[in-house]
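The values are calculated or read from the model by the stated rules, or taken from the named source; none is laboratory data. All figures in this text were calculated on a predicted structure; none of them were measured in a lab. When we count neighbours, we look across all protein chains shown, and the Cβ atoms used for this are built from the backbone with ideal geometry, even at glycine.
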Amino acid sequence: MAIANLPFRSISQEISSRGSVFAVCFCFLFAIAPHFFNLPLWVSGIVVFALAWRCLQNLGKLGALPKWLLIPMVVLGGVGVFAEYWTVVGRDAGLALLTVMTAFKFLESQRHRDLLILVFLCYFLIATHFLFSQSIPTAVMMFATLIVITATLITLNQREAQISIRQLLASSTRLLLLSMPLMLILFVLVPRVPGPLWGLTDEQRGGVTGLSDNMSPGKISNLIRSNEVAFRVEFEDELPAQNELYWRGPVMVNYSGYRWTQMPRKPLQRLVLSVSRPAVNYTVTLEPNGELWMLALDIPTRLVSDSVMTRDYQLINKKKINDLLRYSTESRLAYEIGVDESPEYLKIATAYPQQFNPKTIALGKSLAQRFDSNEAIIDEVLDIFRRDEFFYTLNPPALGKDNVDEFLFGTRRGFCEHYAGSFALLMRAAGIPARIVTGYQGGEYNSSGNYLIVRQSDAHAWTEVWLENRGWIRIDPTAAVSPNRIEQGIDNALADEVSSFRIQNRNPIFGNLLYRWDNLQHSWNDWVLNYDERKQRDFLGKLDIGIDNWSDMVIALVLLLAVVTGGFWLIAWYRELPPRPPAFEMQFERMLRKLRRRGLVKNPAEDSRAFLRRVATPELAQREQLARIIDLYNRIKYARDGDSAQARKQLRALIDSLQV
Amino acid sequence: MLSLSLPAPVRRYFDNWFESHNPPSRESILLHNRRLYILPTRFGYLFAVMLLFLFLAAINYLNSMAFMLTFMLTALAIVSLWQTHKNLLGVSVKLLVPRPVFCGEYCELKFELSHTNQSRRFAIGIQYAEQPPVYVKLEPQSSNTAVIKLPARRRGQFRPAGVTVFTRYPTGLFHAWGWLRFDLPLLVYPRPLKNARLQQSLIEQFDGQTSTSTIEGDDFAGLREHRVGESLRHVSWKAYAQGKGLLTKTFQGHARPSLWIDWQQLTHGSQEDKLSFMTALVLSAESEEQKYGLRLPNKVVEQGYGKVHKHQCLKALALFNQSDTAREFPLDGDS
């Protein structure tokens, strides 16, 4: 019947105890709380309802929810999620569905087994948080959640031991800290597969701030108020001057009279450019923007894998950038480009609707008549911006239908998109092809990590005009109005209007900490979030320990895990088992085993001398030897200086020679 | 559960293996590495399935933190493997000598669990066969007892079945256990028949027998010459002071009526009924402070009285016609 005692008997059918129900309710609440803003309100309502009901039921104030009511509720919950998202898969709908079903599971959980399953679901919930954010604070918060969930798991297994909450949390933290080294080994060495395994719905991720695919007055000034990091850049050599840092993003060519939009993207057939300065090499770590465009210093001259360059020199990724993206490329800061631009494109770049902004159009046309060179027209317009009372402000007055007219001839207060938009329209009216380029300008250098931080507040819009024999030339009308913007950055240009996000403007001690914090985030991005197949190969290659393929990794992984776990185990043996008896006791045991074969058995109650007296009958041939052994044994054990290496050796020799 | 689905030869093989690796003991058994086994629980397997799903999700979303979570939980499982094992490692288990009980009462198996190191042990379960487990915890360097009550449904002497000492602490993903057998007999006396009276017909009365004078006893019987070697406690110092020399006080016990409880005298009822009746007579004779003896067809217990004598009689009754004294303690009445 021995095998009946194997561990397969179920002890999970037991009714769950009161304390453990509360523990699991709290655990779920803790795990789901940070999702409050990611869930529709009614889902949060269901969670609160289910937990409240379960707790009241636990207190005996309410009965269990009847099954006939529960089943329709579950169905309704599913339908509700579908009605909300028109799907039940994908990140947001999947989360809502998981949450609703977990909440309902609470209402029908009576047994110990159900509670364990709920705890497992809570573990699973942690993963969903990482689909929304993978930042350091999220990681810290999720570690805390792991501690709470694991403590709940322990309390479900403590079996009347009545461990205090503090001790539960301490044990749980200890378990997780012990898991850390193994986790790191797994993280570094488990071979990464280039994913995804199955098609992901390319859903729009809400709440991402960033550049937009169109530009109208007020669009960029909204972005300026965000201090979120757009991307970070490490330069291989010298950092270019601040006024050369134009980060090229979406290019707008189509103009509706109010809004600038992108043309359908077409890949560039061939890049013709002449350069006068060496290339700048750098690596960008782009925060997810939920769009296709990548940012590069004007003008990128090397393609990144999985990306294309459009005919207006934008780098476009092949799929939406929903995760951190890291790429290395090179740019030329002085260039001549697009001299051979196609006539069709130039035609689009000079088109504008006639019915809006009549004054601006008239001004543009008159400029074309007054000046004979295009360069002169450009200079004149920039001069107007400089000469007349134009102000660079984040809070321009609202504009109506003929917005450019109102701006140029009325308010004269505007932000970069006002200047770029009106400049481009004036150019087109004067017959010069012009387009808007949006992106970022500048950035903040972090000396503690030797890289540049570009934030959403560095968003900018400028123009490019096309001149015969010179191609596309960058003109930044904002620089004419507010040279500070370009030379020193947005914070200095608008010091009264925006509270500075720049770390350099803070007090030095605090600022230093912030630089370090940003550096930590950058390393986190680089080493943790970006640890993919390529990074893994690079890293293992750099370690130079001969691990360069899939099977090596698995072997190294298994070996390391075995060594660490075996080490833990050895320590446990050493610490938990009572100390082994001294060697001479083992020898004595050996002698007793020898004698037992002869049928001479020592009673547990007998001491060695009594045993000797009893067995050492005159018939026993080894009588003398046995007496010597027992005498020596007692001397080693009890005499003040009887225990010596020599005595032990003698004891062993005597027992060796004992013939029975 | 699994055991039921295993084919008989496989079961027998495992049983033999377990038997040979876990020899029975009279003393305390130390749970060391070679006596401890560990396997995942059903929740352990479920956890593994969840990890697989997490891993696939992490690959699919290329989400580094999801990878990290997967690996963290994998590491947690590995850590709880040896933590669960460690929770039992070094614990000594001892079965305290069980007291005989009467059939129909509960036989109490008292296990003493102890350990000598600084850690605390939680949720150690002790399970006897299919009985519900009893859980104990151990403070550092301490011991604790777990009591398992088994209904004694049949008289006789039995050996206890193997007990499982197990734990799932801390995470419940693994089940570590040791299988222990103790070589201590469980004795179940026959059930005493209620309202049994000492019937005159069963009793052979012996008259006029008084016990000899001894230095132990209840009633003072007189003084006699002191002999060398006798304890000075029994010397009558009063007599010595009166100049009568060293005299020893002697006492005399009660003159007890003595009787025989005789199988042959019983004519009615089955064997078990007779044993029940005789058990009741033994108890009644003992409580009435009579001197009694027992006559069974195959065994005679000479007349006497006192605790030890009572135990001898009851044991003789318990073992009557029980050929195999090494049977396992039966948990269902008929087996």
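Can we say B:Leu138 is within 18 Å of the chain's Cα centre (by Cα), buried (at least 17 other Cβ atoms within 10 Å of the Cβ) and either of a type in the set (A, V, I, L, M) or within 11 Å of chain A (Cβ to nearest Cβ) (or both)? Spelling it out, it is not the case that B:Leu138 is within 18 Å of the chain's Cα centre (by Cα), buried (at least 17 other Cβ atoms within 10 Å of the Cβ) and either of a type in the set (A, V, I, L, M) or within 11 Å of chain A (Cβ to nearest Cβ) (or both). Among the conditions (1) at pLDDT 90 or above; (2) within 21 Å of A:Thr463 (Cβ to Cβ), A:Asn281 misses just one, which is (2). For region A:300-318, filtered to residues that are closer than 21 Å to A:Ser274 by Cβ and among the basic types (Lys, Arg), the residue that is surrounded by the most Cβ atoms within 10 Å (Cβ to Cβ) is A:Arg311. Which count do you get for residues in region B:84-108 that are facing chain A (nearest Cβ under 7 Å) and of a type in the set (D, E, K, R)? Counting residues in region B:84-108 that are facing chain A (nearest Cβ under 7 Å) and of a type in the set (D, E, K, R) gives 1.
Set side by side, the residues B:Leu81, B:Leu73 differ, and just one is more than 31 Å from the chain's Cα centre (by Cα), at pLDDT 95 or above and either more than 7 Å from chain A (Cβ to nearest Cβ) or under 18 Å from A:Leu121 (Cα atoms) (or both), which is B:Leu73. Exactly one residue out of A:Leu626, A:Leu632 is without any contact (Cβ under 8 Å) to a residue 60 or more places away in the chain, closer than 14 Å to A:Glu585 by Cα and over 60 Å from the mean Cα position of the chain (by Cα): that is A:Leu632. Only residues that are more than 7 Å from chain A (Cβ to nearest Cβ), free of Cβ contacts under 8 Å to residues at least 12 places away in the same chain and either in contact with a Ser or Thr (Cβ under 8 Å, 6 or more places away or on another chain) or hydrophobic (A, V, I, L, M, F, W, C) (or both) were counted across region B:43-70, and they come to 3. Can you spot a residue in region B:21-36 that is modelled with pLDDT of 90 or more, over 26 Å from B:Glu108 (Cα atoms) and of a type outside the set (Asp, Glu)? No, that holds for no residue. Only a single criterion out of (1) charged (D, E, K, R); (2) assigned to a helix (DSSP H, G or I); (3) away from chain B (no Cβ under 14 Å) is not satisfied by A:Asp114, namely (3).
Those helices (runs of 4 or more DSSP H) of region B:216-326 in which 3 or more residues are at pLDDT 75 or above and among the polar types (S, T, N, Q) occupy B:271-287.
Among the residues making up region B:145-171, those that are farther than 30 Å from B:Phe320 by Cβ and either more than 11 Å from chain A (Cβ to nearest Cβ) or among the β-branched types (Val, Ile, Thr) (or both) are B:Thr145, B:Ala146, B:Thr164, B:Val165, B:Thr167, B:Thr171. Only a single criterion out of (1) surrounded by fewer than 17 Cβ atoms within 10 Å (Cβ to Cβ); (2) on the phi > 0 side of the Ramachandran plot is not satisfied by B:Ala129, namely (1). Any residue in region A:66-87 that is within 30 Å of the chain's Cα centre (by Cα), assigned by TED's automatic domain parsing to the domain that holds A:Gln134, aromatic (Phe, Trp, Tyr) and under 27 Å from A:Ser172 (Cβ atoms)? For region A:66-87, residues within 30 Å of the chain's Cα centre (by Cα), assigned by TED's automatic domain parsing to the domain that holds A:Gln134, aromatic (Phe, Trp, Tyr) and under 27 Å from A:Ser172 (Cβ atoms): absent. Within region A:157-169, restricting attention to residues that are part of a helix (DSSP H, G or I) and in contact with a helix residue (DSSP H, G or I) (Cβ under 9 Å, 6 or more places away or on another chain), the residue that is farthest from the other protein chains (Cβ to nearest Cβ) is A:Ile165. Restricting attention to region B:4-11, does a residue exist that is crowded, with 17+ Cβ neighbours inside 10 Å and within 30 Å of the chain's Cα centre (by Cα)? Yes, region B:4-11 contains a residue that is crowded, with 17+ Cβ neighbours inside 10 Å and within 30 Å of the chain's Cα centre (by Cα). From the list B:Phe18, B:Phe14, the lone residue that is over 26 Å from the mean Cα position of the chain (by Cα), facing chain A (nearest Cβ under 7 Å) and not basic (Lys, Arg) is B:Phe14. For region A:403-418, the set of residues classified as assigned to a loop (DSSP other than H, G, I, E, B) and either modelled with pLDDT of 90 or more or buried (at least 19 other Cβ atoms within 10 Å of the Cβ) (or both) consists of A:Phe415 only. Looking across region A:345-362, the residues that are surrounded by fewer than 20 Cβ atoms within 10 Å (Cβ to Cβ) and outside any loop (DSSP other than H, G, I, E, B) come down to A:Tyr345, A:Leu346, A:Lys347, A:Ile348, A:Pro358, A:Lys359, A:Ala362. Do you know which residues across region B:134-160 are charged (D, E, K, R) and under 30 Å from B:Ser119 (Cβ atoms)? If the condition is that a residue be charged (D, E, K, R) and under 30 Å from B:Ser119 (Cβ atoms), then B:Lys137, B:Glu139, B:Lys149 are the ones that fit. Once region A:382-395 is narrowed to residues that are in a loop (DSSP other than H, G, I, E, B) and at pLDDT 80 or above, the residue that is farthest from A:Phe415 (Cα to Cα) is A:Asp388. Considering region B:1-91, the qualifying helices (runs of 4 or more DSSP H), each wholly inside and each with 3 or more residues that are over 19 Å from B:Thr164 (Cβ atoms), run over B:8-21, B:42-61, B:64-88.
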